[in-house]
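Engineer: Sharing a structure below in structure tokens format, with a few things to ask.
None of the figures in this text is laboratory data; all of them are computed from the coordinates on show. The structure displayed is predicted, hence computed values, not measured ones. Every residue, glycine as well, gets a Cβ built from its backbone with ideal geometry; the counts of neighbours run over all protein chains shown.
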Amino acid sequence: MMFLSSFSEITFQLLEGFLVTFKIFLYSLVFSLPLGLVVTFGSMSKFKPLRYLTRGFIWIIRGTPLMLQVIIVFYGPGLWFDFPMKSRMLAVIIAFVINYACYFSEIYRSGIESIVKGQYEAAQVLGMTKTQIFFKIIFPQVFKRILPPISNEVITLVKDTSLARVISLAEVIMIAQETVRIEGILWPLFYTGVFYLLFNGVLTIIFSKIEKKLCYYQG
């Protein structure tokens, strides 16, 4: 009975960690995808100061570890502005959103630049506005082309959620590691492994189905 009680208690703790991990993933994805498009427009802007500033920022974010960015976002406001970050979850989400928005922006940019200029010119001849050209002609083609790299980044995001432990946010890996250290048992780590495999497996299936539905775009 003691073993069963211990097993159920540990399982419940891990489930709480799973929920934290899922929240980090969901909020980061929901906010970083649209923000990445905004960053893309900045990096492709004809206004050179904005373009250089945006690309410089992307270079910094992509060139430094996400773990370091999480630490800076959490401790930076308190050390620099005497305005400490009270929520560890908020700090993690902000760092993740900024980081992944920059990665997504480069994927968006490569997809947009892969479309031949003739399509823009043809649409302009037909009297379409720039907004109509982008959302009705360019975006559907770009979406299909960028879906594979986007899916790879999304799966990477699932695994990167474990970096939240650097500021002691109790996601699933941190809880499993503490359980192993205190209880002297190894199976909680296998629990977490199964969780990540199942989570990424579901995402892989979803993206695969989306790609099949978009197969009619051959651009």
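Engineer: Specify whether the C-alpha gyration tensor of the chain places it in the rounded, prolate or oblate class, a ≥ b ≥ c being the square roots of the eigenvalues: rounded for a/c under 1.5, otherwise prolate if a/b is larger than b/c and oblate if not.
Structural biologist: oblate
Engineer: Show that you can apply the helix-only estimate: for the chain, add -39,500 (n - 2.57) for every DSSP H stretch of four or more residues, divide by all residues, and state [θ] at 222 nm to the nearest 500.
Structural biologist: My calculation for the chain gives -27000 deg cm²/dmol from helical runs alone.
Engineer: Using θ = phi - 60° and the Karplus form 6.51 cos²θ - 1.76 cosθ + 1.60, what ³J(HN,Hα) does each residue of the range 168-181 get, whole Hz, x for Gly and Pro?
Structural biologist: Along the range 168-181, the couplings run 6, 7, 6, 7, 5, 5, 4, 5, 5, 5, 5, 5, 4, 5 Hz.
Engineer: Which pairs break 21 Å Cα to Cα here: K117/K209; K23/K159; K117/K212; K46/K130; K117/K144?
Structural biologist: From K117/K209; K23/K159; K117/K212; K46/K130; K117/K144, over 21 Å: K117/K209; K117/K212.
Engineer: For L79 and A122, what is the calculated FRET efficiency with R₀ set at 45 Å and r taken between the beta-carbons, to the nearest 0.05?
Structural biologist: Given R0 = 45 Å and the Cβ-Cβ separation, E is 0.25.
Engineer: Exposed loop trypsin sites (Lys or Arg not before Pro) only (DSSP loop, at most 14 other Cβ atoms within 10 Å): please give the longest stretch of the chain free of them, not including the sites.
Structural biologist: Segment 87-219 is the longest.
Engineer: Distance from a point 7 Å along Cα→Cβ of S114 to each backbone N in the range 192-208: keep the residues under 16 Å and list them by number.
Structural biologist: Those under the cut-off are 208.
Engineer: Express the relative contact order of the chain as a whole percentage, based on alpha carbon pairs under 8 Å and six or more residues apart in sequence.
Structural biologist: Averaging sequence separation for qualifying contacts and normalising by length gives 27 percent for the chain.
Engineer: For M44 and L68, calculate 0.36 nm times their separation in residues minus their Cα-Cα distance, and state this gained length in nm to one decimal.
Structural biologist: That works out to 5.9 nm of additional length.
Engineer: OK, next. Rounded to the nearest 20 Debye, what is the dipole magnitude of the chain about its Cα centre when Lys and Arg each give +1 and Asp and Glu each give -1 at the C-beta?
Structural biologist: Rounded to the nearest 20 debye, it is 1020 debye.
Engineer: Follow-up question, since we're still on this one. Along the positive direction of the dipole of the range 164-219 (beta-carbon charges: Lys, Arg +1; Asp, Glu -1; about the Cα centre), which of F199, C215, A164 reaches farthest?
Structural biologist: C215
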